[in-house]
C-alpha cells in the first residue's frame, strides 16, 4: 500500500492551479492529503475554495511583517505545523528568501508561465509577443534561490499565433498549466520524479 503524502499549497489569489490540483487529486485518487492552503492575502479567493473542500485555510499576511526575512520565517513556521512532504506554489506572488528555499530544498515546486529559461519575471506573455517567438508555454520546476530558475520537471508548449493578444496567449498557456502542474505534483508524490543534486530524475514509465 502506498504511503499517504502531505501537501501544502501556497496561493495569493484565486488559485486556479490549486483548483486543478485538487480536482486531479480527487478524480485520480492520489495517495495524498492536502494538509493546508496558505495565502499571504486574507482576501484571496482560493481560501474559500479550500474551506469548501474541507481543507484548512490559513492566512499569513506579508503586510504584517517588516521585511521579507521575518515574513518567510513566519510562513515557514506555519507550513511546518502541517509537516508537508511537498510545498506547492500556485500563484504565490512573493519572492522567497534563499533561507526559505533551502529549508524546503527538493520539495518546493513552482509553475511559471513561460518556457524557462526564457522570459522570467512578470508579463511573460507580453515578453513573448514582443520577442516575436513562435512558441511559448509553461514550466514546472523545483524552486531554487534564483528567481524563476531551477531544475525543470515539466513543460508545455503552445504556438504563438500571428494575431495573438496578451490575454489570448495567456488563456491558452493557463489551460496547459492546469494539465502539467497536477501531473508533475502527482509524479512527485508517487515517487516518479525527484531532485538529485541539481538534476531532475524520473521513472520513465507511468
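Values as computed for the structure displayed
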| item | result |
| --- | --- |
| At R0 = 35 Å, FRET efficiency that the Cβ-Cβ distance of residue 6 and residue 130 yields, to 0.05 | 0.25 |
| Cα gyration tensor, the stretch 55-131 - rounded (a/c under 1.5), prolate or oblate | prolate |
| Candidates 133, 87, 78, ranked by Gaussian network fluctuation over the chain, Cα under 10 Å, top entry | 133 |
| Within a Gaussian network of the chain (alpha carbon springs, distance under 10 Å), most fluctuating of 47, 195, 89 | 195 |
| For the chain, share of DSSP beta bridges that run antiparallel, in % to the nearest 5 | 50 |
| Fraction of alpha-carbon pairs over 32 Å apart in the chain - percent | 14 |
| Contour excess over end-to-end distance, with Cα ends at residue 64 and residue 147 and 0.36 nm allotted per residue | 27.5 nm |
| Cα→Cβ-extended label distance, 7 Å offset, between residue 28 and residue 199, nm | 2.5 |
| Gaussian network model of the chain, Cα within-10 Å springs - most flexible of 135, 100, 119 | 135 |
| Stretchable slack from residue 73 to residue 118, in nm (0.36 nm times residue separation minus alpha-carbon distance) | 13.2 nm |
| Packing-based exposure ordering (other Cβ within 10 Å, fewest first) of 30, 194 | 194, 30 |
| Two-decimal log10 I(q)/I(0) for the stretch 102-155, as the Debye equation yields it once each C-alpha is a single scatterer, q = 0.18, 0.21, 0.24, 0.26 Å⁻¹ | -0.55, -0.71, -0.86, -0.96 |
| The stretch 5-202, relative contact order in percent, only Cα pairs under 8 angstrom and at least six apart counted | 20 |
| Over the chain: helical MRE at 222 nm, DSSP H runs n ≥ 4 each giving -39500 (n - 2.57), nearest 500 | -11000 deg cm²/dmol |
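Where a number appears in this text, it was derived from the coordinates with a stated rule and is not lab data. These numbers come from a predicted model, not from an experiment. Note that each Cβ is placed from the backbone with ideal geometry, even for glycine, and that neighbours are counted across all protein chains shown.
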